[in-house]
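Since the structure comes first, as structure tokens, the remarks are kept for the end.
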Amino acid sequence: MIAEIKKDAEERMKKTIETLKGEFIKIRTGRAHTSLLDHVSVSYYGSPMPLTQVANVTVLDNRTLGVTPWEKNMLSEVEKAIRNSDLGLNPTNVGNLLRVPLPPMSEERRRELVKVVKHETENVKVAIRNIRRDANAQLKALVKSKDISEDDERGAEDAVQKVTDKYIKQVDQLLLDKEAELMEV
């Protein structure tokens, strides 16, 4: 039972870290990366589709993405979807290719993004601590129902705390890495 609780807590913490990594990918650093357009939806014959399912996204250079729709008649729809996204990008039509230049980021914008990143990491830390709290509550319930001894509970709480510390440390490292990436000119 104790091993199951610890394993469940660790899996949930791992998922939380993966979610944070996904959020960090969405935060633009000024360098072109194909995942910047992952959450853009395109109206494909009336139904919304992810951009990656209707077009090929490539990196042309450090500050430019290339988007080539699978169907030529979708070019204007893809262009409109990118323009209307919350990314503030302005694609240009070059025949059957859309060039999406990424504007250089100002110092002020970089600092704003660092604040956003710190807020995201704080939310993840809270989520990890909540997972620890839930695991400890399950352990207390086992003690109450006399399924495990108090000594076992203390040992298990220590193990859960070690796992929590490990994941909090990972979050801190992810924050440092992303902060350095954002402030890099």
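The values are calculated or read from the model by the stated rules, or taken from the named source; none is laboratory data. Remember, predicted model here, so these are calculated numbers, not experimental data. Virtual Cβ from ideal backbone geometry, glycine too; neighbours counted across all protein chains shown.
Out of Val57, Val42, which single residue is within 30 Å of Glu179 (Cβ to Cβ) and in a strand (DSSP E or B)?
Among Val57, Val42, only Val57 is within 30 Å of Glu179 (Cβ to Cβ) and in a strand (DSSP E or B).
When only residues in the stretch 1-25 that are part of a helix (DSSP H, G or I) and in contact with an Asp or Glu (Cβ under 8 Å, 6 or more places away or on another chain) count, which is nearest to Lys146 (Cα to Cα)?
Applying the filter and picking the extreme gives Ile2.
Within the set of pairs 6 or more residues apart or between chains, which connect a residue that is in contact (Cβ under 8 Å) with a residue 40 or more places away in the chain inside the stretch 52-69 to a residue that is of a type in the set (Gly, Ala, Ser) and surrounded by 14 or more Cβ atoms within 10 Å (Cβ to Cβ) with Cβ atoms less than 6 Å apart?
Close Cβ pairs satisfying both conditions: Arg63/Ala32.
Here are some conditions: (1) more than 29 Å from the chain's Cα centre (by Cα); (2) over 30 Å from Thr68 (Cβ atoms). Asn93 meets all but one. Which one does it not meet?
Condition not satisfied by Asn93: (2).
The rows are residues; the columns are (1) within 24 Å of the chain's Cα centre (by Cα); (2) buried (at least 18 other Cβ atoms within 10 Å of the Cβ); (3) part of a helix (DSSP H, G or I).
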| position | (1), (2), (3) |
| --- | --- |
| Ser76 | no, no, yes |
| Leu98 | no, yes, no |
| His119 | yes, no, yes |
| Arg133 | yes, no, yes |
| Ala137 | no, no, yes |
| Ala141 | no, no, yes |
| Asp151 | no, no, yes |
| Lys166 | yes, no, yes |
| Asp177 | yes, no, yes |
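Collect the residues in the stretch 13-47 that are under 19 Å from Ile128 (Cβ atoms) and either among the hydrophobic types (A, V, I, L, M, F, W, C) or more than 15 Å from the chain's Cα centre (by Cα) (or both), keeping them in residue-number order.
Of everything in the stretch 13-47, those that are under 19 Å from Ile128 (Cβ atoms) and either among the hydrophobic types (A, V, I, L, M, F, W, C) or more than 15 Å from the chain's Cα centre (by Cα) (or both) turn out to be Met13, Ile17, Leu20, Phe24.
Residues are listed down the side, and each one gets a yes or a no for (1) at pLDDT 80 or above; (2) surrounded by fewer than 14 Cβ atoms within 10 Å (Cβ to Cβ); (3) at negative phi:
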site: Phe24; (1), (2), (3): yes, no, yes
site: Thr29; (1), (2), (3): no, no, yes
site: Tyr45; (1), (2), (3): yes, yes, no
site: Pro48; (1), (2), (3): yes, yes, yes
site: Asn56; (1), (2), (3): yes, yes, yes
site: Leu65; (1), (2), (3): yes, no, yes
site: Ala81; (1), (2), (3): yes, no, yes
site: Ser85; (1), (2), (3): no, no, yes
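Would you please list the contacts, defined by Cβ atoms under 8 Å and residues six or more apart or on different chains, that run from a residue in the stretch 174-185 that is within 14 Å of Val116 (Cα to Cα) and hydrophobic (A, V, I, L, M, F, W, C) to a residue that is at pLDDT 90 or above and assigned to a loop (DSSP other than H, G, I, E, B)?
Cβ pairs passing all conditions: none.
List pairs: first in the stretch 1-30 and in the same structural domain as Arg110 (by TED's automatic domain parsing), second among the aromatic types (Phe, Trp, Tyr) and assigned to a helix (DSSP H, G or I), Cβ under 6 Å, 6+ apart or cross-chain?
If the second residue must be among the aromatic types (Phe, Trp, Tyr) and assigned to a helix (DSSP H, G or I), the pairs left are Met13/Tyr167.
Given (1) at pLDDT 90 or above; (2) within 14 Å of Lys6 (Cβ to Cβ), where does Ile148 come up short, assuming only one miss?
The one condition Ile148 does not meet is (1).
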